[in-house]
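This report concerns only the one structure given below.
The values are calculated or read from the model by the stated rules, or taken from the named source; none is laboratory data. The shown structure was predicted, so the numbers you read here are calculated from the model rather than taken from an experiment. Ideal geometry is used to build each Cβ from the backbone, glycine not excepted, and the neighbour counts take in all protein chains shown. Areas reflect the complete protein model, heavy atoms only, side chains present, ligands, DNA and RNA absent. Shrake-Rupley method; radii C 1.70, N 1.55, O 1.52, S 1.80 Å.
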Amino acid sequence: MTKPEQGSNQMWGGRFAAGPDAIMEAINASIGFDKRLARQDIEGSRAHAAMLAAQGIVDAKDAETIREGLLTVLSEIEEGRFTFSTALEDIHMNVEARLKDLIGAPAGRLHTARSRNDQVATDFRLWVREQCDAAMAGLRALQHALLAQAEAGADWVMPGFTHLQTAQPVTWGHHMMAYVEMFGRDHDRFRDARARMNESPLGAAALAGTSFPIDRHMTAEALGFDRPAANSLDAVSDRDFALEFLSTATICAMHLSRMAEELVIWSSAQFRFVVLSDRFSTGSSIMPQKKNPDAAELIRAKIGRILGANVALLTVMKGLPLAYSKDMQEDKEQVFDAADNLMLALAAMEGMVRDMSANRPALEAAAASGFSTATDLADWLVRELNLPFRDAHHVTGTLVGRAEAKGCDLPDLSLAEMQEVHDGITEDVFTVLGVQNSVASRTSYGGTAPANVREQVARWQEALA
């Protein structure tokens, strides 16, 4: 039996060959994931150096040397020529150490009047702000794809469902426009979150600000922030921006999941409402006839990861006193993962919607089934015979029961059969029983009438232009 090395921890000896110092290094280092913040870190450092020079805190020549050296570091990272060191813990120290290798002593002046606390808060906020922009762009692309579907099928009838049971006829365009509205709200939530997070933590230093005569408005403007954060304690300890991004991403992922579920159902042999393109489907290893909606199913699953990230970060933050605690190093991995998966889901859904073909005959046949015009009949009884709605509801229910017993739909009942239930019914009733007549009559604002759909498509096309 091999004995553990002197100084090693026997409990973790199988995993760690060295002692507690290696364990501490492993738990403490974040470079494995926060290297994604390299560009934001260097952007913030360049703005900080320029401000230090403008304020006379650092010699202008040294500041310019620092700024040029940082560009060299960035090019090395982007070209894959940079060696990241776990011993240097994080992206900030990795960049600064390499800068010192390149330019020598002036590199040591870069960290004047700042801390890693405000530095990471700035880097992370810049990164999340970019993800809001990316999500908004992805949502707009998806909305354009939905608008194209809605415009093409503004007057195609299909069943509208409640409880996944046939309820009333609607139009394909109306159904597509429901998702345009839904994803429009998601877009606006990202926009609102972006506006709230657009304050700069840089210059808050460790937690109390600094005695150097810095100009935080200068660095805020250079980095595209609206203003510097007003309280240094809040600036370094706030992760609301990340939580709000995750919360908004969770709602968006839930909407994507709902649409994905419909695509899974609609593309099945039992529904045949849509045909998904080969680009977003897969086959079976054993059943040659299968065309599986795997992209939709994977989108449907993404909500689990994104919601999980939201819950994880809320749990990390819930018990932390002001200001910075090392727990907050656990804020990034779940945000990175959630953002990656949200953007992938948005792109996949946009592709599926653009490529899919609606099966108009199947939609129309399904729209006419399940007594979908029963409400139209009840409305006609109220409007034409002046029946109270509850009485009209009872008459209609009785007629539905008779049609069901005969194995036919409401329009297939004869006028005589209808008059046996209520003698006031006239031949005019058949004008409301067809699905085309039904959808055409729903002209109230927000209704499914083809004319309404076309108006809403035009409104959104103008808004998105």
Next item on the list: Please report the base-10 log of the normalised intensity I(q)/I(0) for region 143-183, using a Debye sum with one equal scatterer per alpha carbon and no solvent, at each q in 0.19, 0.33 (1/Å).
Entry: -0.52, -1.00
Next item on the list: Please state, to two decimals, what the Cα-based radius of gyration of region 390-465 comes to when divided by 2.2 N^0.38 Å (N = residues).
Entry: 1.53
Notebook entry, point to check: How far is helix 450-464 tilted, in degrees, relative to the longest principal axis of the Cα atoms in the chain, given as a value from 0 to 90 rounded to the nearest 10?
Noted result: 10
Next item on the list: Would you work out which of SER237, SER281, THR248 lies farthest towards the positive end of the dipole of region 220-310, given +1 charges on the beta-carbon of Lys and Arg and -1 on that of Asp and Glu, about the Cα centre?
Entry: SER281
Check: When the C-alpha atoms of region 71-228 are aligned to their principal axes, what extent does each axis show, in angstrom, from largest down?
Finding: 74, 36, 27
Notebook entry, point to check: Using modelled backbone amide H atoms (1.01 Å from N, in-plane), which distant-in-sequence or interchain residues come within less than 5 Å of GLY160's amide H?
Noted result: ALA167, GLN168, VAL170
Next item on the list: Would you work out the charge dipole size for region 368-464 about its Cα centre, treating the Cβ of every Lys and Arg as +1 and the Cβ of every Asp and Glu as -1, and quote it to the nearest 20 debye?
Entry: 400
Notebook entry, point to check: Give or take rounding to whole Å, what are the principal axis extents of the alpha carbon atoms in region 207-321, in descending order?
Noted result: 73, 33, 24
Checklist line | Relative packing of 239-252, 315-328, 22-35, which averages over residues the other C-beta atoms within 10 Å, highest first | finding: 239-252, 22-35, 315-328
Margin query: Run the helix sum for the chain: -39,500 (n - 2.57) per DSSP H stretch of 4+ residues, divided by residue count, reported at 222 nm to the nearest 500 deg cm²/dmol.
Written below: -20000 deg cm²/dmol
Next item on the list: May I have the extent of the alpha carbons of the chain along their three principal axes, as whole Å values ordered from largest to smallest?
Entry: 99, 64, 40
Check: In degrees from 0 to 90, rounded to the nearest 10, what is the angle of the helix 294-317 Cα long axis to the longest principal axis of the chain?
Finding: 50
Next item on the list: Compute the label zone of MET24 within region 319-354: residues whose backbone N is under 13 Å from the point 7 Å along Cα-to-Cβ.
Entry: none
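For region 291-376, what Kirkwood radius comes out of the mean inverse Cα-Cα distance, in Å?
Computed over region 291-376, the radius equals 16.8 Å.
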Item checked: Surface share of carbon and sulfur [accessible, 1.4 angstrom probe, percent] for region 22-109 -> 49
Notebook entry, point to check: Sorted by average packing, counted as other Cβ atoms within 10 angstrom per residue and highest first, what order do 331-337, 407-413, 114-120 take?
Noted result: 114-120, 331-337, 407-413
Next item on the list: Could you calculate, for region 22-109, the ratio of the Cα radius of gyration to the Kirkwood radius, expressed as Rg to Rh?
Entry: 1.01
Next item on the list: Would you work out which of LEU37, THR431, MET93 lies farthest towards the positive end of the dipole of the chain, given +1 charges on the beta-carbon of Lys and Arg and -1 on that of Asp and Glu, about the Cα centre?
Entry: MET93
Next item on the list: Give the residue from HIS48, ALA312, ASN341 lying farthest towards the positive end of the charge dipole for the chain; charges sit on Cβ (+1 for Lys and Arg, -1 for Asp and Glu) and the dipole is referred to the Cα centre.
Entry: HIS48
Note to self: On C-alpha positions alone, give me the angle between the axis of helix 389-406 and the longest principal axis of the chain, in degrees, nearest 10.
What the structure shows: 80
Notebook entry, point to check: How large is the dipole of region 139-238 about the Cα centre if only Lys and Arg carry +1 and Asp and Glu carry -1, each at its Cβ, rounded to the nearest 20 debye?
Noted result: 80
Next item on the list: Divide the volume of the convex hull of the Cα atoms of region 352-434 by its number of residues and quote the answer in cubic angstrom per residue.
Entry: 116
Notebook entry, point to check: What dipole magnitude, in Debye to the nearest 20, does the chain give about its Cα centre under +1 on Lys/Arg Cβ and -1 on Asp/Glu Cβ?
Noted result: 820
Check: Modelled label-to-label distance, ASP327 and SER268, 7 Å Cα→beta-carbon offset: nm?
Finding: 4.4
